[in-house]
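Please read the structure below before turning to the comments.
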Amino acid sequence: MTQPPDQPPQGGFGPPQDQPPQGGGFGPAPQPPQGGFGAAPQNPPAQGAFGAPPPPQPPAGPPQQPQPGYGYPQQPPQPGPYGAAPGPYGYPQQPPQPQGPYGAPQPGYGHPQQPPYPGMPGAAPGGPAAGKPASRKKTALIVGGAVAALLAVGGTVFAVTGDGGDGGRKKPVARQSDDPKHSATASPTASAGDDPENLNEGRGAGDAKVLWYKPAPDAPASGADAPGMWFSGDTAVKAAYKQVFAFDAADGGTAWGPVDFPQKICAATPQKSADDKIVVAYLNGGGDRAKCNQLQQLDLRTGEKGWSAQVADGGLFDSALNVELTVSGKTLVVGRSQSGTAYDIGTGKKLYDKKRYGAACFPAAYAGGTGRLIQVASCGAGTAKEHEEIQELDPATGKVRWTQPVKKGWEVTRTYSVDPLVVYLTNRDKKAWNISTFTKSGKFRSEVKVDEKFSPRCGWAVLERELQGCQGVVVDADMLYLPTDATGSANEIVAISLADGKAKWRVKSPGDRPMSPVKTEGGKLVAYVQPSYDTGGQVVSVPVTGSSHAATRLLQNPPGAAEAENTFYDGVVDWTGGRLFVSAGRLSGDDDAKEKLMMAFGN
């Protein structure tokens with residue numbers, strides 16, 4: 001989970017400011033960037049993994065100290081993970097990652113540097129800074145819908161870092177929370193008209209309105225997770241702390257529930273099944289050693305609880321202390337640190353286990369969606385043959401369809417999409433990154449060749465990595481859409497061809513606020529423009545084909561809601577049914593913060 005800073009982020013995904021591009025990845029050599037993408041490198045690029053390695057390059061100077069934001073020290077070119085060719089440009093600038101399994105929380109790659117959220121290991125007493133209260137400015141508003149189907153399920157424990165359906169109204173039989181103090185529902189107000197903050201104040205002609213908002217349930221001082229945001233027909237569903245809430249998407253009325261859980265919710269499937277089922281994981285106790293191993297299926301249409309199960313430990317160094325969940329087709333995969341277990345999401349029947357294979361390979365992470373299941377495995381740890389492998393599995397059987405090995409030193413850190421497959425790799429030793437795309441059969445297709453800083457937002461990884469933890473990046477059949485870095489002002493969205501990795505067009509955000517892609521629909525890219533302190537956010541659409549890519553405003557939020565819109569903790573944004581939904585990804589537990597759980601905007 002992440003909490004954006006009060007100050008504009010610095011840095012981004014692209015190359016160091018005064019160094020030539022980093023060596024990269026999988027395929028043919030990129031050409032020097034043209035036009036507005038930066039000057040051509042002055043030094044010859046490094047060679048990739050399967051060709052002759054380049055001679056050692058002396059660094060231009062001593063490494064710089066990490067800077068706030070994206071901050072990795074600037075580095076000379078380095079070889080990449082696959083083909084014998086130079087790759088893309090640079091590493092997302094980041095401070096070095098913490099050592100050991102319980103280091104201070106660090107942001108994911110490409111995310112602005114954040115203070116630890118309250119209560120997490122590494123947070124100073126009282127919040128981000130010792131002796132100071134936790135900040136109440138929890139700027140968020142990060143796009144979710146289009147990439148919500150890309151969840152990581154597993155990874156080696158490294159550091160605690162962070163539409164269908166009938167919209168039924170049947171109330172489930174729900175267990176009561178074991179902590180009455182923190183079981184308040186999040187629905188004391190049903191519409192903006194009942195809101196004492198008057199969120200629609202200053203609304204002008206043509207402005208959208210706040211349809212409804214919901215305050216967050218009372219969370220403990222250590223904070224609580226609020227994962228997921230799902231839609232079933234005209235019902236919006238949200239998990240928070242020990243409850244799952246369901247609201248009428250049009251007016252915020254209670255659709256069903258809330259459904260109570262005996263302990264904190266610790267994970268949830270960001271995807272739903274074809275028949276609107278999700279699975280929520282919660283702790284097996286209230287102590288510090290509690291495991292995230294209790295599974296509960298839930299019907300989004302009615303709130304009824306289905307099957308439940310307990311996730312078994314996978315063996316030594318492979319416990320269910322933390323798990324990640326993903327859905328692919330009818331299969332739910334529960335990822336531990338070194339293994340995975342698959343269930344039928346409809347019945348809870350165990351389908352198969354994915355365990356250590358070969359000489360020394362074990363599953364480290366999963367990504368699913370649209371009937372595809374991707375597994376990343378770690379092989380030969382501590383040996384000369386240490387490397388990672390990308391595999392596609394048959395979701396129903398776990399059978400390996402294809403395997404693509406990755407060069408030693410490179411990690412598959414994120415999946416920007418599973419269909420088509422777009423992966424983001426990092427090399428910590430070489431301070432380099434690579435974005436590569438693959439065909440259906442697992443063959444390398446292209447790599448990004450744009451000399452640019454990009455800044456999709458990536459959350460805290462519960463385990464070492466969270467393959468599907470990035471928002472603000474969208475992929476369709478032909479293009480990858482990435483937001484350029486912005487320091488609190490205007491930025492651009494760049495459309496990058498999956499065929500050759502080159503930028504095809506770009507669009508600048510309207511006004512002076514940054515924007516991020518949300519999803520594609522109807523031949524257009526939908527993007528969210530962040531609010532300022534006194535101006536509401538916007539939703540815009542951009543044609544993805546043709547010669548004109550001008551942004552057209554779909555929604556302008558009222559100025560009276562700007563502060564509320566701007567203060568969701570680890571906020572997530574989605575656009576569905578012509579409405580904008582904003583929800584919290586985590587609760588801080590600050591009793592004075594007037595935390596909000598969810599808001600809806602519409603005309």
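The values are calculated or read from the model by the stated rules, or taken from the named source; none is laboratory data. Just so it is clear, the structure is predicted and the values come from calculations on it, not from any experiment. Counting neighbours? That spans all protein chains shown, and the Cβs are built from the backbone with ideal geometry, glycine included. Side chains are part of the model used for accessible areas, which takes the heavy atoms of the whole protein and leaves out ligands, DNA and RNA. Shrake-Rupley method; radii C 1.70, N 1.55, O 1.52, S 1.80 Å.
Apply the Kirkwood formula to segment 283-398: the hydrodynamic radius equals the inverse of the mean of 1/r over all pairs of different alpha-carbon atoms; give it in Å with one decimal.
Value: 15.0 Å, from the Cα pair sum.
What shape does segment 201-303 have by the C-alpha gyration tensor, where a ≥ b ≥ c are the square roots of the eigenvalues, rounded means a/c under 1.5, and otherwise prolate means a/b greater than b/c and oblate the rest?
oblate
Just the accessible area for GLU447, please: 1.4 Å probe, Å², rounded to the nearest 10?
Surface open to solvent at GLU447 totals about 0 Å².
Rank these by accessible area, largest first, 1.4 Å probe: ASP234, ASP592, ASP276, ASP485.
ASP592, ASP234, ASP485, ASP276
Along the Cα→Cβ direction, 7 angstrom out, place labels at ALA250 and ALA290. What is the inter-label distance in nm?
Calculated label separation equals 3.9 nm.
For labels at ASN198 and ASP478 in the simple 7 Å Cα→Cβ model, what's the distance in nm?
Placing both labels 7 Å beyond Cα along the Cβ direction yields 5.0 nm.
Taking a cut-off of 16 Å between Cα atoms, list the aspartates and glutamates near LYS408, but don't count ones fewer than 8 places away on the same chain.
Partners within reach: GLU386, GLU388, GLU389, ASP429.
Rounded, prolate or oblate: pick one for segment 448-521, where a ≥ b ≥ c are the square roots of the eigenvalues of its C-alpha gyration tensor, a/c under 1.5 means rounded, and failing that, prolate if a/b is larger than b/c, else oblate.
It comes out oblate by the Cα gyration axes.
Can you tell me the dipole magnitude for segment 247-292 around its Cα centre, using point charges on the Cβ only (Lys, Arg +1; Asp, Glu -1), in Debye to the nearest 20?
With only Lys, Arg, Asp and Glu charged at Cβ, the dipole is about 360 debye.
What is segment 343-485 by shape, rounded, prolate or oblate, if you read a ≥ b ≥ c off the alpha carbon gyration tensor as root eigenvalues and call it rounded for a/c under 1.5, prolate for a/b larger than b/c, and oblate otherwise?
Note, shape of segment 343-485 comes out oblate.
Just to confirm my numbers, what's the Cα centroid distance between segment 465-515 and segment 562-603 in Å?
When both Cα centres are located, 22 Å separates them.
Ignoring everything but the protein chains, give the 1.4 Å probe accessible area of CYS266 in square angstrom, nearest 10.
The value for CYS266 is about 30 Å².
How much solvent-accessible surface does ILE374 expose, in Å² to the nearest 10, with a 1.4 Å probe and all protein chains in place?
Rounded to the nearest 10, that gives 0 Å².
Which order do peptides 238-246, 476-484 fall in by mean Cβ count within 10 Å, highest first?
238-246, 476-484
How big is the convex hull of the Cα atoms of segment 358-421, per residue, in Å³?
In segment 358-421, the Cα hull volume divided by residue count equals 83 Å³.
Straight-line reach only, C-alpha to C-alpha below 21 angstrom: list the lysines that LYS504 could link to, leaving out same-chain residues fewer than 8 apart.
LYS449, LYS453, LYS519, LYS524
Write down Rg/Rh for segment 484-603, rounded to two decimals, with Rg from the C-alpha atoms and Rh from the Kirkwood relation over Cα pairs.
Dividing the radius of gyration by the Kirkwood radius yields 1.01.
Run the quick spin-label model on TYR533 and LYS440: label points 7 Å from Cα toward the beta carbon, then report their separation in nm to one decimal.
Result for the modelled spin labels: 5.3 nm.
Between ALA359 and LYS504, what is 0.36 nm times their sequence separation minus the Cα-Cα distance? Round to one decimal in nm.
47.8 nm
Which whole-number percent is the relative contact order of segment 346-473 (Cα, under 8 Å, 6+ apart)?
16
Roughly to the nearest percent, how much of the accessible area of segment 516-561 is carbon and sulfur, given a 1.4 Å probe?
Percent of accessible area from carbon and sulfur atoms in segment 516-561: 48.
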